[in-house]
Amino acid sequence: MKQVLYFGAEWCAPCKAIKPQIQQLQSQMSITFIDADASPDTCKTWNVRNIPTVLVVQNGIERGRLVGDSITKDSVINLYNK
């Protein structure tokens, strides 16, 4: 099963701007929101160095990644459906 991991932080302006768009997708896909400050080990595990970052993971394997303030609802959908 595919899953979306969304890495962000409360202080990050692009994260705050993108998060509502990502939340709209929760009825269509499994999304886990990860606070990068509170979960540094998870960031390290997935090699997340910048936020916001969106990963699509399937069976524990990364299938795609989006990074930065150019992340949109449509780009997440496209990545997920790839």
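The values are calculated or read from the model by the stated rules, or taken from the named source; none is laboratory data. These numbers were taken from a predicted model, which means no experiment stands behind them. Reconstructed Cβ throughout: ideal geometry from the backbone, glycine too, with neighbour counts over all protein chains shown. These accessible areas exclude ligands, DNA and RNA; they are computed on the full protein's heavy atoms, side chains included. Shrake-Rupley method; radii C 1.70, N 1.55, O 1.52, S 1.80 Å.
What to note about this one:
- Those residues of segment 41-66 whose amide nitrogen sits under 15 Å from the label point placed on LYS2, 7 Å along Cα→Cβ: 54-66
- Placing dummy labels 7 Å off each Cα toward the beta-carbon, the span from ASN50 to VAL67 is 0.6 nm.
- Per the chain, cysteines lacking a partner by the 4.7 Å Cβ criterion: CYS43
- Contour excess over end-to-end distance, with Cα ends at ASN59 and GLU10 and 0.36 nm allotted per residue: 14.8 nm
- Measuring between their Cα centroids, segment 11-30 and segment 36-58 lie 15 Å from each other.
- Per-residue accessible area (protein heavy atoms, 1.4 Å probe) orders MET29, MET1 as MET1, MET29, starting from the largest.
- Antiparallel bridges, percent of DSSP beta bridges restricted to the chain (to nearest 5): 70
- Value at 222 nm in deg cm²/dmol, rounded to 500, when DSSP H runs of n ≥ 4 in the chain each add -39,500 (n - 2.57): -9000 deg cm²/dmol
- Pairs from the list LYS19/LYS73; LYS2/LYS73; LYS16/LYS82 with a Cα-Cα gap above 21 Å: LYS16/LYS82.
- Per residue, the chain exposes 59 Å² of accessible surface when a 1.4 Å probe is rolled over the protein heavy atoms with every protein chain present.
- Answer label for Cα extents along the principal axes in Å (calculated), chosen among (i) 29, 25, 19; (ii) 41, 36, 27; (iii) 65, 41, 31: (i)
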